[in-house]
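Everything below concerns the one structure shown next.
The values are calculated or read from the model by the stated rules, or taken from the named source; none is laboratory data. Source: prediction; values computed, not measured. Neighbour counts are summed over all protein chains in view; Cβ atoms, including those assigned to glycine, are modelled from backbone coordinates with ideal geometry. Side chains are part of the model used for accessible areas, which takes the heavy atoms of the whole protein and leaves out ligands, DNA and RNA. Shrake-Rupley method; radii C 1.70, N 1.55, O 1.52, S 1.80 Å.
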Amino acid sequence: MPVNSLSSIVRFGRFELDPQTGELRRAGQKVKLQEQPFQVLAALLEHPGKIVTREELRSKLWPEDTFVDFDHSLNAAIKRLRDALGESADAPVYIETLSRRGYRFIAPVNGSSGLSGMAVAQAPERSRSFFFAHRIAITCIALIVIAALVWAVWRLPLRHTDIIERKLQCRSLPRWQVPRLRGQHRGLPQTNSHW
């Protein structure tokens, strides 16, 4: 069955596969995925929960007259697909390996179309309303913070920082005080007598 048998967007986990555009997205962000791993993923999503044999994948990916090291190429495509999905063969979340038999897509699949005649439930609208409410809450909090800052700036008095220039003048002392200061510097006792 060709990839186009998936007629609309298929959702699983945080991912969306759009067979019309050939794109895989994680949380809305496009994930770089080469053609063969994309074809493998589409084939597995056509039969979620069922085994897709290695022979079925070979017939989908490589025509009969193509000479290729099939085992190595299929293993490499599965590895790139698992890297894109962020999983490993040891702890599969999406793709289970059935030794020498094939692969099985094990995650729940939600989409708007039937896969090989099987009806699949719509993605819940709750997630969209949750994100919408989340954005409204963040916007309200941001507006409250901005209003509080504006109010605080308006309520605080403005402090003018004028520069005041003051001139300090050094005046010479009258002569009658000069000896007295000289005497104080030498450690002489002060007297109350006036000169």
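Tabulated values for the structure
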| item | result |
| --- | --- |
| Failed item in (1) of a type outside the set (D, E, K, R); (2) more than 23 Å from the chain's Cα centre (by Cα); (3) at pLDDT below 80; (4) at negative phi, with Gly117 passing the rest | (4) |
| Region 55-74, residues that are surrounded by 13 or more Cβ atoms within 10 Å (Cβ to Cβ) and polar (S, T, N, Q) | Ser73 |
| Residues that are assigned to a loop (DSSP other than H, G, I, E, B) and either open to solvent by less than 30 Å² (accessible area, probe 1.4 Å) or touching a strand residue (DSSP E or B) at 6+ places or on another chain (Cβ under 6 Å) (or both), drawn from region 34-54 | Pro48 |
| Residue identified as in contact with a helix residue (DSSP H, G or I) (Cβ under 7 Å, 6 or more places away or on another chain), farther than 19 Å from Gln29 by Cα and modelled with pLDDT of 85 or more among Ala84, Ala77 | Ala77 |
| Hits in region 120-130 - residues which are modelled with pLDDT under 50 and loosely packed, with under 14 Cβ neighbours inside 10 Å | Ala121, Gln122, Pro124, Glu125, Arg126 |
| Output for region 87-114, where each listed residue is surrounded by 14 or more Cβ atoms within 10 Å (Cβ to Cβ), modelled with pLDDT under 80 and not in a strand (DSSP E or B) | Ser113 |
| Given (1) under 12 Å from Tyr103 (Cα atoms); (2) touching a Ser or Thr at 6+ places or on another chain (Cβ under 6 Å); (3) not hydrophobic (A, V, I, L, M, F, W, C), number of the condition Glu46 does not satisfy | (1) |
